[in-house]
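The values are calculated or read from the model by the stated rules, or taken from the named source; none is laboratory data. In this text, all values refer to a predicted model and were calculated from it rather than measured experimentally. Here the Cβ positions follow ideal geometry from the backbone for every residue, glycine too, while neighbour counts run over all protein chains shown.
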Amino acid sequence: MYRLRLFATRHARVFEWMYVRLERALVALDPVFARIGYNRIERPVALVERGLKGLMFDCRMCGQCVLSSTGMSCPMNCPKELRNGPCGGVRPGGFCEVKPEMRCVWVLAWDGAARMREAQRISEVLPPVDRRLKGSSAWLRVAREKAEGLRATREADRLAMAEAFPGARESEPASAPLAQEPARAVEGAER
Ligand code: SF4
């Protein structure tokens with residue numbers, strides 16, 4: 001709905017705040033989702049996402065949501081589906097050349113981004129749309145990718161620790177590895 005789309009960009013900061021919390025909640029739920037099976041929950045979550053985002057942002061379910069980078073203005077509403085800024089045909093007053101009754105999504109995007117905490121994200125170049133993801137839940141995909149990233153980081157840290165303290169690791173496999181006592185401290189204790 002066009003009016004709600006305008007509302008979303010005018011209140012981009014509030015939506016940004018909500019999106020950050022939603023993402024954290026979804027990442028925290030990753031073990032639950034993994035247990036149920038991401039494939040099983042894809043359909044119901046995508047339905048909810050389509051309903052909510054369709055209402056608020058006229059979401060087209062591209063599957064790679066970039067609202068946080070575009071001031072909460074969905075670039076898929078651009079008749080040319082441009083994801084990295086406007087074309088050269090923006091009319092006076094910031095209206096679209098293809099749909100003159102509609103404000104250019106990129107004019108709205110700059111307006112929305114200026115209200116956001118991470119306003120600079122609009123300057124990042126976005127990758128082209130992967131059409132294979134159309135219709136899928138961007139929420140679930142992001143949650144899954146972030147959760148996987150966190151797991152990989154934790155595992156890399158654990159391996160680095162284990163490699164740094166191989167002796168302690170062998171004798172105390174279930175506890176945090178301990179550093180070797182400094183030679184001076186050992187000598188002091190023996191005296
Ligand atoms: S960027 Fe894609 S997922 Fe996000 S609101 Fe637009 S169409 Fe929907």
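Just checking, how many residues over region 95-153 are without any contact (Cβ under 8 Å) to a residue 40 or more places away in the chain, within 13 Å of the ligand (Cβ to nearest atom) and closer than 17 Å to His11 by Cβ?
1
Kindly provide the set of residues from region 73-91 that are more than 9 Å from the ligand (Cβ to nearest atom) and within 23 Å of Lys146 (Cβ to Cβ), ordered by number.
Selection gives nothing.
Which of the residues spanning region 77-93 are touching a residue at least 24 places away in the same chain (Cβ under 8 Å) and out of contact with any helix residue (DSSP H, G or I) (no Cβ under 6 Å at 6 or more places or on another chain)? Give the derivation first.
Of the residues in region 77-93, the ones touching a residue at least 24 places away in the same chain (Cβ under 8 Å) are 77-78, 81-84.
Answer for region 77-93, where residues must be touching a residue at least 24 places away in the same chain (Cβ under 8 Å) and out of contact with any helix residue (DSSP H, G or I) (no Cβ under 6 Å at 6 or more places or on another chain): Glu81, Leu82, Asn84.
For region 33-62: of the residues being modelled with pLDDT of 95 or more and at positive phi, which is farthest from the ligand (Cβ to nearest atom)?
Out of the qualifying residues, it is Asp58.
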